[in-house]
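The structure appears right after this line, and notes come after that.
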Amino acid sequence: MTDLVPLFGSDDKQRKFTFEQFVGRRFIKPEVGMGLVSKKLIPAGSVVFAETVAWTTEEEHLACQSMKEVNVLLASKVKAMGPEWFRKFLNLPNSHKDDLGVFAGIWDLHQMPIVMNGKRAGILGLNLASVNHACIPNCTLTTVSQYPKAEDGNEMKDKKPTLERIIVRATQNIPANAEITIPYWYAKGQHKARELFGWTEFNFFCSCQSCAKPSPTVEDALDMYNKLELKLCRPESVEKRPAMAFRSAQEVVAKLLSCGIRDARVPMLWFKCGLIAGYHSDVGRALCFLGKAYKMLEILEGTEGVFYKQILSWYMTPSLMPGFGVTTRGLSTVKEGEEMLEKPGTKEVLYMIAAEPREYVRLSRYRRLSDAIAIVRGSRYIVVPEERTKSKVVSKAGPSNQRHSSDFSLEQAKSGAPETVYRSNGGPSSLEKGKEAAKNNALNTKFQASKGNNQTPIRNPSSSDTCTDPELDLLDVCLELKMEFPEAFSEGQSKKSKKKKKKKKKKKGKKNMDKGKAPQQEEAPVVKDLGAKKKVVMVKRGEGGCARRSSLISLDL
Ligand SMILES: C[S@@+](CC[C@H](N)C(=O)[O-])C[C@H]1O[C@@H](n2cnc3c(N)ncnc32)[C@H](O)[C@@H]1O
């Protein structure tokens, strides 16, 4: 490997737990400029680096009357980071754009846009300054906030916590000599749409690998993801085509994973499936979807992540989810969900793979087959008719669930129409088990379900508990994903097996034709919409010739 400029580095105590000494700055290409590159293999789940960052808000910038004032503001922020940090900051290249001045010139080139406490802000870390965006990144960025400290060193918990540190973690094995990339935003849609979004919101044309040379597989995956995300929010998908929604989610998750996308886009889909399950009172499936989502988010965002905390609170108390229990089509219990989480090979049941698009097959209707029978049938489960399971549902469900069960009409279930509508009062009583499961799930956090109140002044998010030994966590998640989506992880799939699959498909298609069936087709994509979420960078010319760069990357979705 050549031309690696030594890293600027921070004198962070956590440094020894990270791969900071094994990365360096290097010129990537003219369209992107410099970037951070690995010097040796960085295993998935490792912390690449964790560092303190300087930040300013858009408000502070806009309050400045001149470029000189902006420079004074930035100088004070940078000096506050300590003399060593200050010295290293001044060693970063300057954009020399529009005579911004020393501080604004460096800030302009290296800051990263985020949303902090709901306001636009820009952050700058000595290593982060060199990390570029990619639509399929190999790392994630998480933030750790802290309460401001009083003169006596005590935290002022009545004040809003502010960003103190960022953590960049590898979401996949990063070989030596590969660029370290993070998502400035969660890219979706086809290349042209992504390009437009990057330019309008972040002021640069994305030249990441997936944009520079768009491949049909990635384009397909990001396009499908974009359309499905929108589709999952539509009332008709939730209400009338739940089985189709689940099945599409399973397919898109597999696609994303097969392209190496292992970030918040995956848990976002699971979370939406959880909402649909909750809407139909299917507590069991909701728990499974939310459980998958929060476990992955715990690694991606850390236990302080906004999205993580929200999903976890719903996992603990699904009845608090918006729209929970509007119909009873999927009525199921916590126990059924727990059983499913414990057993391998439950994909068929969770995503209702064999169901008709309009159907909602209750968990209680699935019967697990023995290995021998499953191999012969080529399927793990059979679905028994509703009549035979009705009494079982009633007896399985707790007292609160019995009410819903008796409201349910079989005729309605057969017709696929939404039946009895009721609104739950949000009582978590029947979900104690779910809570326990969550507690046992190695969360190691004192998080308490918010139960509808937003005040969650949590423990001091000291960096030590976020980045000391995260190595194995992501690997565990990857292993689970690998079990669920083996196709998505078979990067080295042999040509032979691919050929075999092709042959099989051909045969199947022929069989269908013979039987007079049309080959199965994916539902046509419906919406064409950029739809990407917030996260903006812009350089505004303020009055008095003051170039103001305000920015935002929102880490919460
Ligand atoms: C934090 S800096 C990253 C380091 C920077 N490339 C450098 O040369 O110092 C962010 C800036 O890098 C550039 N950049 C980052 N990701 C990019 C991408 N995928 N395509 C093109 N430019 C990118 C943009 O100009 C962005 O404002």
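Read the figures in this text as sums done on the coordinates, not as results from a lab. It should be emphasised that the depicted structure is a prediction, and the values quoted were computed from it without experimental measurement. Here Cβ is always computed from backbone atoms with ideal geometry, including for glycine, and neighbour counts include all displayed protein chains.
Miscellaneous remarks
- Take the Cα of VAL384, step 7 Å toward its Cβ, do the same at ALA178, and the gap between the two points is 4.8 nm.
- Spread over its residues, the convex hull of the C-alpha atoms of region 228-358 is 100 Å³ per residue.
- Its Cα gyration tensor gives region 55-155 an equivalent ellipsoid. The semi-axes, each the square root of 5 times an eigenvalue, are 21, 20, 15 Å from largest down.
- Difference of contour (0.36 nm per residue) and Cα-Cα distance, ASP99 to PHE204: 35.8 nm
- Rg over Rh [alpha-carbon atoms, Kirkwood Rh] for region 123-181: 1.15
- Computed extension length for GLU59-SER145: 29.0 nm, one decimal, from 0.36 nm per residue of separation with the Cα-Cα distance subtracted.
- Interchain or long-range residues, amide H under 5 Å from THR171's placed H: GLY45, CYS139, THR140
- For region 96-111, Karplus couplings with θ = phi - 60° (6.51, -1.76, 1.60), whole Hz, Gly/Pro x: 6, 8, 6, 6, 5, x, 4, 6, 5, x, 6, 4, 4, 7, 10, 5
- Placed amide H near THR162: partners under 5 Å, 5+ positions off or other chain: GLN146, TYR147
- Once the Cβ-Cβ distance of GLU31 and GLU236 is raised to the sixth power relative to R0 = 45 Å, the FRET efficiency obtained is 0.60.
- Put a dot 7 Å past the Cα of LEU90, heading toward its Cβ, do the same for ALA374, and the two dots end up 6.6 nm apart.
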